[in-house]
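Trainee: Structure provided below as structure tokens; questions to follow.
The values are calculated or read from the model by the stated rules, or taken from the named source; none is laboratory data. Keep in mind that this is a model prediction, so the values were computed, not measured. Because the Cβ atoms are built from the backbone with ideal geometry, glycine has one as well, and the counts that use them run over all protein chains shown. Note: accessible area is taken over every heavy atom of the protein model, side chains too, but ligands, DNA and RNA are not part of it. Shrake-Rupley method; radii C 1.70, N 1.55, O 1.52, S 1.80 Å.
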Amino acid sequence: MHSRVQLVPRRNLDIIVQTETIHPYGTMLTNDYDSFGAASAMVETAEQLTRDEDIASAAEHYRLLHGAIAALARRAAAPKALLASYLLRALAIAGWAPTFDECSKCGLQGHHNWLSVPLGGVVCDDCAPPQATYAPDDVVALLAALLAGDWPAIEGAQNGEIRQATNFVAQYLQYHLEKTLQSLSVIDQG
Ligand SMILES: [Zn+2]
């Protein structure tokens with residue numbers, strides 16, 4: 001739900017004195033399993049990334065989350081693609097933007113096809129550690145499009161490409177959160 005809540009501050013727990021529903025997204029999301037799963041993973045991630053109440057980027061996280069939930073509710077794109085794009089952009093706000101247009105270790109420009117979670121994106125042939133996974137050009141381009149929110153480019157992607165890209169995003173998120181999110185099981189990680 002997108003709601004307006006009026007709170008009265010108290011020493012321990014604030015008291016809610018008034019609520020008003022602005023957008024009833026819940027009713028639009030609960031009748032579709034994939035949309036509901038993606039929304040759950042989004043809010044769980046947002047909660048993890050905004051644990052510290054005083055973070056300066058809280059408003060940016062809020063706007064991004066609201067936009068993503070609204071897009072899910074109006075079926076603007078495939079739920080998995082909306083989730084992957086949201087996760088990459090939320091991580092970017094948190095200061096962990098992955099790099100897909102140059103080697104994330106040595107900075108070499110150009111197309112690279114090795115993905116490394118610990119190194120933060122694509123790496124060149126010389127920098128690729130043994131654990132790096134090979135990603136075809138189309139998957140790297142899809143990851144870049146998901147990070148940029150370039151929807152025309154995302155919509156043309158094949159299922160296999162979406163699967164490999166979303167797996168990388170899930171692993172990258174869990175690496176930075178240092179924990180496994182229950183709700184991320186909506187992405188079949190292989
Ligand atoms: Zn390199």
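Trainee: So which helices of the chain fit the span-like rule, where a helix is a whole DSSP H run, its Cα atoms reach 30 Å or more along the axis, and its mean Kyte-Doolittle is at least -1.0?
Mentor: None clear 30 Å together with a mean of -1.0.
Trainee: Name the residue from T45, T30, A170 whose Cα lies farthest towards the positive end of the charge dipole of the chain, charges +1 on Cβ of Lys and Arg and -1 on Cβ of Asp and Glu.
Mentor: Final value for the positive-end residue is T30.
Trainee: Which one, T99, T180, T21, has the greatest fluctuation when you compute a Gaussian network model over the chain with C-alpha springs under 10 angstrom?
Mentor: Of the options given, T21 has the highest mean-square fluctuation.
Trainee: For the chain, set up a GNM with springs between Cα atoms under 10 Å and report which of H111, H61, H23 has the largest fluctuation.
Mentor: H23
Trainee: Between rounded, prolate and oblate, where does segment 97-190 land on the alpha carbon gyration tensor, with a ≥ b ≥ c its root eigenvalues, rounded for a/c under 1.5, else prolate if a/b exceeds b/c?
Mentor: Oblate, because a/c is 1.5 or more while a/b does not exceed b/c.
Trainee: Another question, then. Among A148, A39, A128, which one shows the biggest mean-square fluctuation in a GNM of the chain, springs joining Cα atoms closer than 10 Å?
Mentor: A148
Trainee: Could you check the simple spin-label distance between Q131 and E44, using points 7 Å along Cα→Cβ, in nm with one decimal?
Mentor: Label at Q131, label at E44, 2.2 nm between them.
Trainee: Tally Lys/Arg at +1 and Asp/Glu at -1 over every other residue whose Cβ is under 13 Å from the Cβ of D32; what's the total?
Mentor: +2
Trainee: Once you have the Cα-Cα distance between K179 and L7, take 0.36 nm times their residue separation minus that, and quote the gain in nm to one decimal.
Mentor: 58.8 nm
Trainee: For a label point 7 Å from the Cα of R74 along Cα→C-beta, name the residues of segment 22-54 whose backbone N is under 17 Å from it.
Mentor: It comes to 22-29, nothing else.
Trainee: Largest first and to the nearest Å, give the Cα extent of segment 40-150 along each principal axis.
Mentor: Result, largest extent first: 41, 33, 22 Å.
Trainee: How large is the accessible surface per residue of the chain, computed with a 1.4 Å probe and reported in Å² as a whole number?
Mentor: 57
Trainee: Got a number for carbon plus sulfur as a percent of the chain's accessible area, 1.4 Å probe?
Mentor: 50
Trainee: Follow-up question, since we're still on this one. Could you bin all the Cα-Cα distances of the chain into 10 Å bins starting at 0 and give me the percent of pairs in each, rounded to whole numbers?
Mentor: 9, 34, 34, 16, 6, 2, 0
Trainee: Counting only the backbone N, which residues of segment 93-109 are under 19 Å from the spot 7 Å out from the Cα of A56 toward its beta-carbon?
Mentor: 93-97
Trainee: Count charges around I154 for me, please; just the other residues with Cβ under 12 Å from its Cβ, Lys/Arg as +1, Asp/Glu as -1.
Mentor: So the environment of I154 carries a net charge of -3.
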